[in-house]
Amino acid sequence: AQGTPGAAPAVDPMAARVDSLFRGVTGTGTPGCAVGVARGGQPVLARAYGMAELEHGAPNTPETIFEAGSVTKQVTAAAVVLLALDGRLSLDDDVRRHVPELPDYARGHGTGITLRHLLTHTSGLRDWGTVAEMGGWPRGTRAYTNAIALDIARRQGALNYAPGTFYSYTNTGYVLLAIVVERVAGVPLAEFTQTRLFAPLGMTRTGWRDDFRRVVRGRAVAYTPAGRGGFRLDMPFEDAHGNGGLLTTVGDLLRWTANLERGAVGGPRFVEEMHRRGRLVDGRTLTYASGLVLAPWRGVAEVGHSGATAGYRAYLSRYPDHGVTTAVLCNAGHANATALARGVAALFLGGAVARAPAIAVGDTTAGAAAGGAGALAALAGTYRSARDGRAVTIAARDGRLRWAERLPLVPVAPGRLALGEEDTVSVEGEGEGGAAASLVLRAPDGDTVRYERVPAWTPSAAELAAFAGAYHSDEAESTLTAAVEGGELVLRDRYGRRQAAARPLYRDTFGGERTLWRFARDGAGRVVALRVGEGRAWDVRFERVGARPGVAGRGS
């Protein structure tokens, strides 16, 4: 571990325990992390590990500047909230009041998108980076700007859902908020936050990556593993910011989050508004507020947010009932900053933190309580989300279940299973042969998604051939080509690059690691469109080139 330059080596037993948490992640000759801890708003620990720059052997220190990824969102949100408290805008403004270039989604949904929708990820806007990736240029392959992100948002003819009806994380909303700040305040977000937030709070080493070519003294270079113990550069070469792009240190993050507790800048109304959780039209209250997630973690109230941009990783969390704050910033793409920060928090919270769930993946007692191996095997199969059509495959092997063939599904009671530490899956209905008819995934905030069992589908050669052709999307500014190669359907982008393997999921639908491809048919059964869905852009339509106009019907 590297302490503050010039400081005596740490002998604090707590520091040694913190060091042990990072030992498996970083070491000499590898990128690393910095960690800071505060109690009652006062720093009590600052440590750093690994290298800030591998080529010249510069080490990380607690004063090293990292990029904070989506931890940035709370800073962008704070700027918007300050403008609202100034009376210069309302959080209930329709975003088109400030960004009229956007489509008028109120025409199709009966309600427009408000700034509050943007703050809480309830706008329904597709994520601009996801759409850019569909167009063949993922983030990191082009020098994206806020103007380009706005142009992508402007081209979208549809939303994931009507504003306020669901939650889906989207970077588009926070780029738009950065644009709103600039247009309302009359100065760039970087200048506004420096004057109103960073300088008053003493955040002297914090700024923005709004020009990726700018030289930033003391900044760590980001890396990802390259195999055989090596690393490769993985920097965010883009100027788009507001959704991310904050350059900062663990010490400055501790100063920042202390203000969210006390309101030295902004006052009590600022603190209240920053922690106001989103509320959906059905009355459900979310865990997401203005760039902050308010949810219990192992029995302890937590206010936090994670971040990941290129090879940077971050987590900032506050435990208000105990006066503890942890900040972790890493320049190692393989580092789990969330787990590291929470591990450090657990050391300082002591007995207040509940133990992790004790049921193991293959716990036979739990299996028996859920109905035995036969009942578990009956859950195996493919299920389709009633919300966005995404498919999940439940695999049963050696008496154990896996969600999406990877994540352990642990039986805890008849008809109920645990997915991770917080989510649960309920079995509802009985299909043919005693198989489960549907599964309902429930999150801690009350969100529920129903997954309906769908029959396995093995397309014939003739069925595969019917999908071959070119499909174009004005929204993604791209053309995808489907072709049968080696007996399987292959999709290539406009540059001829093969997309992830398209394996059949259910009728007319294929999937890769992250992408869903659903072919749509007209009333006569002809394939006329391809609908591409990813986690943050649910249903982007690609029209078949040369197909006669028709209404998508069965198979869609």
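The values are calculated or read from the model by the stated rules, or taken from the named source; none is laboratory data. In this text the structure is predicted, and so the values were computed from the model without any measurement. Methodologically, a virtual Cβ is constructed for each residue, glycine included, from the backbone with ideal geometry; neighbour enumeration extends over all protein chains shown. Surface accessibility is based on the protein's heavy atoms, side chains included, excluding ligands, DNA and RNA. Shrake-Rupley method; radii C 1.70, N 1.55, O 1.52, S 1.80 Å.
Tabulated values for the structure
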{"item": "Only listed residue being within 29 Å of V281 (Cβ to Cβ) and open to solvent by less than 10 Å² (accessible area, probe 1.4 Å), chosen from G69, G110, G129, G87", "result": "G129"}
{"item": "Residue, farthest from T224 (Cα to Cα), within region 311-327, restricted to residues that are crowded, with 21+ Cβ neighbours inside 10 Å and in contact with a Lys or Arg (Cβ under 8 Å, 6 or more places away or on another chain)", "result": "V324"}
{"item": "Extreme residue, nearest to D388 (Cα to Cα), among residues of region 513-542 that are free of Cβ contacts under 8 Å to residues at least 60 places away in the same chain, surrounded by fewer than 19 Cβ atoms within 10 Å (Cβ to Cβ) and among the charged types (D, E, K, R)", "result": "R514"}
{"item": "G164 at pLDDT 95 or above, surrounded by 19 or more Cβ atoms within 10 Å (Cβ to Cβ), at positive phi and under 19 Å from the mean Cα position of the chain (by Cα)", "result": "yes"}
{"item": "All positions within region 470-500 that are of a type in the set (D, E, K, R), in contact (Cβ under 8 Å) with a residue 40 or more places away in the chain and open to solvent by 60 Å² or more (accessible area, probe 1.4 Å)", "result": "D474, E477, R494, R497"}
{"item": "Any hit, region 445-455, residues being β-branched (V, I, T) and open to solvent by less than 30 Å² (accessible area, probe 1.4 Å)", "result": "yes"}
{"item": "Qualifying residue in region 201-221 (condition: in contact with a helix residue (DSSP H, G or I) (Cβ under 7 Å, 6 or more places away or on another chain), over 27 Å from T64 (Cβ atoms) and open to solvent by 50 Å² or more (accessible area, probe 1.4 Å))", "result": "no"}
{"item": "Condition broken by L347, with the remaining ones in (1) hydrophobic (A, V, I, L, M, F, W, C); (2) open to solvent by 30 Å² or more (accessible area, probe 1.4 Å); (3) modelled with pLDDT under 90 satisfied", "result": "(3)"}
{"item": "Qualifying residue in region 167-179 (condition: open to solvent by less than 10 Å² (accessible area, probe 1.4 Å), assigned to a loop (DSSP other than H, G, I, E, B), modelled with pLDDT of 95 or more and of a type outside the set (V, I, T))", "result": "no"}
{"item": "Total residues in region 90-107, condition in a helix (DSSP H, G or I), open to solvent by less than 60 Å² (accessible area, probe 1.4 Å) and touching a Pro at 6+ places or on another chain (Cβ under 9 Å)", "result": "1"}
{"item": "Odd one out for M134, checked against (1) of a type in the set (A, V, I, L, M, F, W, C); (2) in contact (Cβ under 8 Å) with a residue 40 or more places away in the chain; (3) surrounded by fewer than 24 Cβ atoms within 10 Å (Cβ to Cβ)", "result": "(3)"}
{"item": "Selected residue [surrounded by fewer than 22 Cβ atoms within 10 Å (Cβ to Cβ) and either under 19 Å from the mean Cα position of the chain (by Cα) or under 25 Å from E63 (Cα atoms) (or both)] from V265, V300, V281", "result": "V265"}
{"item": "Tally, over region 223-235, of residues that are surrounded by fewer than 24 Cβ atoms within 10 Å (Cβ to Cβ) and in contact (Cβ under 8 Å) with a residue 60 or more places away in the chain", "result": "6"}
{"item": "Some residue of region 34-57 being closer than 20 Å to G173 by Cα and either part of a strand (DSSP E or B) or open to solvent by less than 10 Å² (accessible area, probe 1.4 Å) (or both)", "result": "no"}
{"item": "Any hit, region 236-250, residues being of a type outside the set (V, I, T), within 30 Å of G27 (Cβ to Cβ) and open to solvent by 70 Å² or more (accessible area, probe 1.4 Å)", "result": "yes"}
